[in-house]
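For reference, the structure discussed in these notes is given below.
The values are calculated or read from the model by the stated rules, or taken from the named source; none is laboratory data. Here the structure is a predicted model, which is why all the values come from computation and not from measurement. Here the Cβ positions follow ideal geometry from the backbone for every residue, glycine too, while neighbour counts run over all protein chains shown. Calculation scope for accessible area: heavy atoms of the full protein, side chains included, ligands and nucleic acids excluded. Shrake-Rupley method; radii C 1.70, N 1.55, O 1.52, S 1.80 Å.
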Amino acid sequence: MSIDWHYPRKDLTEKVLIAYEQGLSDTLTLFAPRRMGKTEFVLLDLIPAAAQRGYTPVYVSFWENKDDPTSSLLAAINVALEGSSWWKRTTKKIASARLSVHANAAGEVGGSFDVGKRSGSEPDPDTLRALKEALSTLVAKHERILLCLDEAQHLATRPEFENLVFFLRTFLDQNRKRVRVMYTGSSRDGLRKLFNKRKAALFQSSSQIDLPQLGSGFVEHMRQCYKQATTQDFSLRDGLIAFSTLNYVPREFRSVLEKMILSGSSDIINEAAIARDEQVEDSNYPATWNTLKSIDQAILIWIAHGGTGLYQEACKDYIASHLGIDPDQVETHHIQNAVNRLRGELLSLVSHGNYEFEDARFQEWIQVTIDAPRIT
């Protein structure tokens with residue numbers, strides 16, 4: 001008997017569909033860091049539920065072909081035109097083929113959906129025209145469409161993508177009654193950059209939500225699946241400790257379970273600690289750290305240890321102490337330049353003046369490795 005390792009996010013699915021159906025929003029943007037389960041939610045929860053309510057789903061990842069997102073979107077539209085039940089075939093394949101090699105040991109223990117790579121050749125100049133025709137056909141054929149655009153922030157990475165962004169904005173404005181959109185992204189800064197494009201602002205009217213962090217329900221579900229796959233067991237308490245050790249990343253928790261199944265280990269706390277140490281080592285944070293300017297390091301230390309108010313005297317005093325200079329020599333534009341270097345790669349703006357790490361594990365490494373400033 002196969003084991004269903006997927007943990008359904010029923011509450012979030014219902015909340016999203018209610019927002020669409022009651023007219024609260026026709027476009028939603030779902031944010032979460034990588035490996036937190038955005039794609040799995042869209043493919044295994046949202047799309048099947050939407051299809052049951054009469055939506056024709058379209059899914060595309062703009063990381064599928066980073067050089068030619070127009071072709072990726074065109075291919076996804078053509079798949080949807082071939083038959084609205086494509087998602088049934090897709091979700092079945094995920095369980096057996098592409099929630100990665102982990103499926104061999106424990107079904108859907110980990111991995112990510114991949115609709116296939118394309119070559120990096122130059123895009124056909126007629127691709128955008130073909131996309132327009134395909135979307136027009138789709139809208140004429142189906143009354144309710146759910147357009148899921150995964151890793152949408154990629155559209156803001158190159159100037160040559162602006163024509164696609166402008167076209168999408170126009171198309172969606174003209175077809176609000178028929179098309180509902182779910183954008184997902186793993187970079188707050190990338191999404192914000194796309195939101196604020198002056199020439200082709202795509203998301204100005206989109207309501208933004210964060211993917212909720214999973215908790216005890218997820219851990220208990222995975223525990224029950226683990227018990228079905230092996231004669232071993234672990235307590236819910238130990239599972240929660242392990243999940244916390246892994247920064248609440250579902251994909252990594254599943255990977256630990258896979259290793260336990262293959263090795264016969266039953267000490268999930270120890271296995272999670274080993275996995276965390278291996279991930280830190282593989283990430284090579286010391287090398288990243290050594291490439292940074294001293295003022296960049298000071299700002300990261302300040303934020304990692306809970307400091308706020310980057311332009312206030314307390315932070316300037318700490319930066320000066322870190323650099324070994326007089327506080328009067330630390331000017332606002334020095335801090336701003338450092339922040340601009342760090343944003344997108346290491347930091348994201350959460351709200352006015354408040355920043356968070358793109359990689360929570362890097363923040364943890366700084367907290368453990370680098371002495372904390374005296375934050376008042």
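The charge dipole of the range 218-376, taken about its Cα centre with unit charges on the Cβ of Lys, Arg, Asp and Glu (plus for the first two, minus for the last two), comes to roughly 360 debye. Computed from the C-beta positions of Glu14 and Gln213, the FRET efficiency with R₀ = 22 Å rounds to 0.75. Each listed q (0.17, 0.27 Å⁻¹) maps to a log10 I(q)/I(0) for the range 140-195 from the Debye sum over equal C-alpha point scatterers, namely -0.59, -1.14. The label point for Leu236 and the one for Asp282, both projected 7 Å from the Cα toward the Cβ, are 3.1 nm apart. Here the extension length gained between Asn78 and Ser263 equals 62.2 nm, from 0.36 nm per residue of separation less the Cα-Cα distance.
Please find the FRET efficiency linking Gln329 to Asn163, where r is the Cβ-Cβ separation and R0 is fixed at 45 Å, and quote it to the nearest 0.05. Given R0 = 45 Å and the Cβ-Cβ separation, E is 0.45.
Which order do you get for Tyr355, Tyr311, Tyr183 if you rank them by accessible area with a 1.4 Å probe, largest at the top?
Tyr311, Tyr355, Tyr183
For the pair Val350 and Arg176, label points projected 7 Å from Cα toward Cβ lie 3.2 nm apart. Count Lys and Arg as plus one, Asp and Glu as minus one, and take only other residues whose Cβ is under 14 Å from that of Phe171; the net charge is then +4. Charged side chains reduced to their Cβ positions (Lys and Arg at +1, Asp and Glu at -1) give the range 306-376 a dipole of some 100 debye around its Cα centre.
Here the label points at Asp126 and Trp63, each 7 Å from Cα along the C-beta direction, are separated by 3.3 nm in the simple model. Given a Förster distance of 25 Å, report the FRET efficiency between Ser2 and Gln224 from their Cβ-Cβ distance, rounded to the nearest 0.05. With R0 = 25 Å, the Cβ-Cβ based efficiency is 0.95. Each part gets one Cα centre, and for the range 324-360 versus the range 21-45 those centres are 29 Å apart. When the Cα convex hull of the range 133-258 is projected onto planes of every orientation, the mean area is 10.9 nm².
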